[in-house]
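Peer 1: Can you keep this structure in mind? I'll have questions shortly.
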Amino acid sequence: MTKSFRQSDFEAYLDEALPPEQMARIEKALRKDRKLIEQVTAIQQRRNAGVHSLGEIWRRGRLSCPSREQLGSFLLGALPEEAADYITFHLELVGCRYCQANLSDLESQQAESHEVVQTRRRKYFQSSAGYLRRRE
Ligand SMILES: [Zn+2]
């Protein structure tokens, strides 16, 4: 196997997700090396059979990761059902660690801001109550 290519390069090649010069570099290498062709064919077959490595699923999942705004709306239950379903799928079945981390970060942020609002409200009531009492 040629040292200059990694498995992920071939996967990107099959997705046609590489810059043109790199696509050309791989194609050229493929023409010269039967071992490489076998390797890429194996990747292709595995893909067609629907067997993906976890890493592959993750990388593919990343491409369709919801935005941080979408995750925020998801937490607030403000997304249309279809979008919410997709995010649930993405988080639980795909198990995207990137989005899970993002989500728990947002969760703690929202919990925090909720607390801030509550505290502010409490302070407001306390002060106005104090104010009203003073006026009596
Ligand atoms: Zn994700």
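Peer 1: Select from region 75-128 the residues that are within 16 Å of the ligand (Cβ to nearest atom), open to solvent by 70 Å² or more (accessible area, probe 1.4 Å) and not polar (S, T, N, Q) and list them in ascending order. Break it down stepwise before answering.
Peer 2: Filtering region 75-128 for residues within 16 Å of the ligand (Cβ to nearest atom) gives 75, 79, 83-107.
From the residues that got through so far, the ones that are open to solvent by 70 Å² or more (accessible area, probe 1.4 Å) too are 85-86, 89, 92-93, 97-98, 100, 107.
Those that are within 16 Å of the ligand (Cβ to nearest atom), open to solvent by 70 Å² or more (accessible area, probe 1.4 Å) and not polar (S, T, N, Q): Asp85, Tyr86, Phe89, Glu92, Leu93, Arg97, Tyr98, Glu107.
Peer 1: Also: Pull out all pairs, ordered by first then second residue, where Cβ-Cβ is under 6 Å, the residues are six or more apart or on different chains, the first lies in region 85-98 and is within 15 Å of Leu75 (Cβ to Cβ), and the second is at pLDDT below 85.
Peer 2: His90/Cys96
Peer 1: Let me ask something else. Please determine whether any residue of region 53-76 is polar (S, T, N, Q) and modelled with pLDDT under 70. Break it down stepwise before answering.
Peer 2: Taking region 53-76 first, the residues polar (S, T, N, Q) are 53, 64, 67, 70, 73.
Those still in the list that are modelled with pLDDT under 70 too: 53.
Yes - at least one qualifying residue is present in region 53-76.
Peer 1: Considering only region 62-74, state which residues are more than 8 Å from the ligand (Cβ to nearest atom), surrounded by 14 or more Cβ atoms within 10 Å (Cβ to Cβ) and within 28 Å of Ala17 (Cα to Cα). Write out each step before concluding.
Peer 2: Initial filter on region 62-74 (more than 8 Å from the ligand (Cβ to nearest atom)): 63, 67-74.
Going one step further and asking which of them are surrounded by 14 or more Cβ atoms within 10 Å (Cβ to Cβ), we end up with 70-74.
Those that are more than 8 Å from the ligand (Cβ to nearest atom), surrounded by 14 or more Cβ atoms within 10 Å (Cβ to Cβ) and within 28 Å of Ala17 (Cα to Cα): Gln70, Leu71.
The values are calculated or read from the model by the stated rules, or taken from the named source; none is laboratory data. All values reported here derive from a predicted model rather than from experimental measurement. Cβ coordinates were reconstructed from backbone atoms using ideal geometry, including for glycine residues, and neighbour counts include every protein chain displayed. These area figures cover heavy atoms from the full protein model, side chains too; ligands, DNA and RNA do not enter into them. Shrake-Rupley method; radii C 1.70, N 1.55, O 1.52, S 1.80 Å.
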